[in-house]
Amino acid sequence: MNPFPPFHPAHVFPPDFVWGVATSAFQIEGGATLDGKGPSIWDNFCRVPGAIADGSNGDTACDHVHRWAHDLDIVKDLGVDAYRFSVSWPRVQPDGMGEWNGKGLDFYERLVDGMVARGIQPYLTLNHWDLPAALQARGGWAARDTVHRFVDYARQIGRRLGDRVATITTHNEPWVIATLGHEQGCFAPGIQSRATAMQVSHHLMLSHGLALQALRAQGCKSRLGIVLNLSPIGPATDSPEDVAQARLDDGRSVRWYMDPLFKGDYPADVIEHLGPDAPRIEPGDLAHIATPMDFLGLNYYTRSVVSASGGWDVKASGNRITEMGWEVYPEGLTELLLRMHRDWTLPPLYVKENGAAFKDELVEGRVHDVERTDYIARHIAAVGDALAQGVPMAGYMVWSLLDNFEWASGYEKRFGIVHVDYATQRRTLKDSALWYRDFLQLQKAARRAPAAAHDEPAGS
Ligand code: IFM
C-alpha cells in the first residue's frame, strides 16, 4: 500500500519553485577549535551540567568540516536546487570583533564553491544561534553594541561570498534566541529574564534591518531576508480566558516579529502587556527593522494550542506525535500561510525548515522512516494548497539533511533524511531521502513536460 498522499496536478509546483535541504553550522560542523575557531555561546552552554539531555556537545557533531565535500555530493544526489547552511561567526571572527580568521573564511569559500561546482544554489544564514562567546561576555544580544558587531560581520561575509550565494538570511528564528535563550533559559546563553529577552529580540530585529542596508550599500547581489519560526496558535476551548491567552501568545511569537518587519511597529497589545519589560527602542529603530526584504523564510513544525490554565494534552488531538512531542499537523501550515498572506504584504515566501524527529532504526543499510516520509509529503501538499490559494510560495526545504546535534536534546533526536552513525560518521540515505529524490525527479519531469507529468502521481 502506498502510505503517501498522491501528488495530483494541484501539487505540481511552478518551474522556478526552489527545493532544498537545510542544516546549520553548530549542529553539523564539529571542529570546535579547528584552525583558530573561537568558542560560541553554544560551546559554553554544552559545558553546563544538565543543559544538554545526553550530556553531549558540538565538538565533533557530524564532522562536516572534514566531510563537507561528501555531504555536498549527497545534496547533489538528492537533486535539490538549493542547500541552506549557516556560517559559524566565531569560526570566521573568533571574538566577534577585530581580527578575521582567514582559515575560517577559506572554509566557507570552499564550501560555497563546492556547491556552485555541483550546480547547487547556496542559501546562507549568518546567525543560526552560535554567537561568539567573547561577545556574550560583553552583554551578548542584550547589548546594543552587538548589533553593530553583527553588521560588520554581515559586511565581511557579503564581501567574501555575496557574489556566489543566492540568498543571505540574517537570523534564524529570533524568537528562539530571545525566548528560549534569554527568558526560559533552556537554550544558550541560559538567561532567565523576560526584560532581557525582549531587549534581545529588539536588537536582533534591528541588526537584521541594518545588516540588509549595509549589504545593499556595498552592492551585494544576494537576495536578503530573515527566517522566522511561526505556528498557528489557537485556544484549547472558546472560553474568553483561553481566547485571550491565544491572542497574547500569537502577539508575542507571531505579531511581535511580523508587525515590525511589515508594518513598522510592535503590536500595541503586547507592549502594554509587557509593561516595564518592554524593550528600549531608539528613534529610527523601527524604520530600520522595516527595511524591505527580498524574501521571508518560515520554519514550520507544528501548531500550538493554548489554554489560560497552562496545559493542553497534545495527545488529545488524536494526531501522530513526533519524538519531540510535537503534533503532526500539516493543515496548520496551510492555515498559517493563508493567514500571513491575509494579514501582511509578503515578499516571496519560503518554507526554510520543515521535518520531524522519529525513532529510526538502521537495519541492513536501510532506514524505513515511513512516518518522516509521510510527514514531509503531507507538508509539501500543504504548501501546494497554500500556493493554489494565492500565497506567494517560492520554495520548500527539508530540515534536515543530516541527523545532527539537536541543541538541548543532544544527539538523541534525529531529524535527518540522511542517517548519521556518529561512531563511524557513515551517512546512509533514509527512505525519506529516497522518496524526496523521487518526488523531485517527478517535479523536474513536470517542469520539462507539464501536461504529461500531470497524469503521473508522485510517491506511488
Ligand atoms: O534543529 C532545529 C533548528 O536548528 C532550528 N529549527 C528547529 C529545528 C528542530 O528543532
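Things worth noting here:
- Look at the dipole of the range 125-186 built from charges on Cβ: of Ala178, Ile157, Asn127, the Cα furthest out on the positive end belongs to Ile157.
- Other residues lying with their Cβ under 9 Å from the Cβ of Ser193 contribute a combined charge of -1, Lys and Arg counting +1, Asp and Glu -1.
- Label zone at Arg378 (point 7 Å along Cα-to-Cβ), backbone N below 12 Å, the range 318-353: 318-322, 327-333
- Over all pairs of different C-alpha atoms, the chain has a mean inverse distance whose reciprocal, the Kirkwood radius, equals 22.4 Å.
- From least to most packed, judged by other beta carbons within 10 angstrom and beginning with the fewest, Ser56, Ser231 follow the order Ser56, Ser231.
- Net lengthening on full extension, Glu109/Gln218 (0.36 nm per residue, minus Cα-Cα): 37.3 nm
- Neighbour-count ranking [beta-carbon atoms within 10 angstrom, fewest first] of Tyr422, Tyr436: Tyr422, Tyr436
- Over the residues of the chain, the helix contribution to mean residue ellipticity at 222 nm works out to -11500 deg cm²/dmol, using -39500 (n - 2.57) for each DSSP H run of at least 4.
- Span-rule helices in the chain, defined as complete DSSP H runs reaching 24 Å or more along the axis (Cα) with Kyte mean at least -1.0: 144-161, 194-217, 370-388, 431-448
- Prolate/oblate/rounded call for the range 272-331, Cα gyration tensor, a/c under 1.5 rounded: oblate
- Label-point separation, Thr291 to Lys315 (7 Å along Cα→Cβ), nm: 4.9
- Residue exposure proxy: Phe358, Phe405, ordered by other Cβ atoms within 10 angstrom of their Cβ from fewest to most, comes out as Phe358, Phe405.
Throughout, read-outs are computed from the coordinates displayed, never taken from laboratory work. Quick caveat, the model's predicted, so the values are computed rather than measured. So basically every Cβ, Gly included, is an ideal-geometry build from the backbone, and we count neighbours across all protein chains shown.
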